[in-house]
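Just below is one structure, and these are the notes that go with it.
The values are calculated or read from the model by the stated rules, or taken from the named source; none is laboratory data. Being a predicted model, the structure only gives us computed values, none of them experimental. So basically every Cβ, Gly included, is an ideal-geometry build from the backbone, and we count neighbours across all protein chains shown. In case anyone asks, the SASA skips ligands and DNA or RNA and just uses the protein heavy atoms, side chains included. Shrake-Rupley method; radii C 1.70, N 1.55, O 1.52, S 1.80 Å.
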Amino acid sequence: MKMLKLGAAMAALAFALAGPAGAQQADKAEKPKLTLGVGGKPLLYYLPLTIAERKGFFKDEGLDVSINDFGGGAKSLQALIGGSIDVVTGAYEHTIRMQAKGQDIVSVIELGRFPGIVLVARKDRPIKSVKDLKGAKIGVTAPGSSTNFFVNFLMAKDGLKPEDASYIGVGGGASAVAQMKRGEIDAMSNLDPVITKLEDDGDVVVLADSRTEAGNDKIFGGANPAAVLYMKRDFVEQNPVTTQKLVNAFYRTLQWLKTATPEDVAAVVPEEYLLGDKALYLHAVANSLPVYSRTGIIPEQGMKNALAMLVEFDPELKAAKIDLPRTFDPRFVTKAAGGAK
């Protein structure tokens, strides 16, 4: 017993002598090199990711983040489930859908408080409302992505089923614009800057717009969380310091976006994101700045609105019992906010 007490005393003394070094060790990321998946990085939906990367916020946290850009959110989710990436910036809805499938996926910071998704139709098509989409070819970033969920929800509200239209993956960049201009699709559910480009060129009519608070109230009855940082729960449990550092970087980004102008944003993003038209990009950013989260916290009503949207068109979710609090862990963003003060 004396030997045990002596050992405990020696351990305590060693920790005390370590001082700041011991604290630094506790603050060291368990996984400083990691891979993050995203589905359509140039889209303004994922602007917080580009800002965190380009302004060096990940590096400031001691993280080396490799970014894999997939064709759509559904593909980055598949990569996470398959184990080829560590974390994802993607739609909050995936955390709900995966829980129904028995996969424990959790979000740790809200990046977008509104989806920012817009449903448009070509002006030369006889589509003046959502009801007219029956039999239409609809472009989405990728089948099974949040842009696909958005149009499915709107169609369900108007009495249509998902199978009443066909969905074509068009991505979220210049190819999406080109396919709409060439008439290969009748309508599109997509994001900025793609939507603003088509609007400014006079190619489309807007059927539903979730870029503004008023638009979200009309469509969902309130806020509906959009992009989040999500990962498998066991990653969070095994890498709490790494998770905290990721959230710190994204929280810092949200604070930067609160006061950023469109010109500030354009000065940070890669040149190719401007689609060859800086004025257009500035207009798109001005349209999209309201969508970004102010606090990083997903409100309870926002979670309920997201679930209500999915239940509207997904029979599997109608029968599932979803524990919404398990889809979001607020501890990390709460700590990041406290450290930022």
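Against the criterion of being of a type in the set (Gly, Ala, Ser), farther than 25 Å from residue 137 by Cβ and either over 17 Å from the mean Cα position of the chain (by Cα) or open to solvent by 30 Å² or more (accessible area, probe 1.4 Å) (or both), residue 266 qualifies. Here residue 292 clears all of (1) in contact with a Leu (Cβ under 7 Å, 6 or more places away or on another chain); (2) over 17 Å from residue 47 (Cβ atoms); (3) of a type outside the set (Asp, Glu) except the condition numbered (2). Here residue 328 fits the description: open to solvent by 10 Å² or more (accessible area, probe 1.4 Å), in contact with a strand residue (DSSP E or B) (Cβ under 6 Å, 6 or more places away or on another chain) and hydrophobic (A, V, I, L, M, F, W, C).
Number of residues in region 145-184 that are of a type in the set (Gly, Ala, Ser), open to solvent by 10 Å² or more (accessible area, probe 1.4 Å), under 24 Å from the mean Cα position of the chain (by Cα) and at negative phi: the value is 7.
The test for being open to solvent by less than 30 Å² (accessible area, probe 1.4 Å) and without any contact (Cβ under 8 Å) to a residue 40 or more places away in the chain does not hold for residue 226. Counting only residues that are of a type in the set (D, E, K, R) and modelled with pLDDT of 95 or more, which one in region 202-255 is nearest to residue 154 (Cα to Cα)? The extreme case among them is 209.
Answer yes or no as to whether residue 22 is at pLDDT below 95 and either open to solvent by less than 60 Å² (accessible area, probe 1.4 Å) or part of a strand (DSSP E or B) (or both). Walk me through how you get there before you give the answer.
Values: at pLDDT below 95: yes; either open to solvent by less than 60 Å² (accessible area, probe 1.4 Å) or part of a strand (DSSP E or B) (or both): yes.
Yes.
When each of 136, 187, 142 is tested for being within 26 Å of residue 328 (Cα to Cα), open to solvent by less than 10 Å² (accessible area, probe 1.4 Å) and touching a residue at least 40 places away in the same chain (Cβ under 8 Å), the lone residue that passes is 142. Beta carbons closer than 8 Å, at least 6 apart along the sequence or on distinct chains, pair a first residue in region 62-83 that is surrounded by fewer than 16 Cβ atoms within 10 Å (Cβ to Cβ) with a second that is aromatic (Phe, Trp, Tyr) for 64/58. Output the residues belonging to region 276-306 that are surrounded by fewer than 18 Cβ atoms within 10 Å (Cβ to Cβ), over 26 Å from residue 337 (Cα atoms) and touching a residue at least 40 places away in the same chain (Cβ under 8 Å). Within region 276-306, 277 is the sole residue that qualifies. Against the condition closer than 30 Å to residue 334 by Cα and at pLDDT 95 or above, how does residue 111 come out, does it pass? Yes; evaluated as a whole, the condition is true for this residue.
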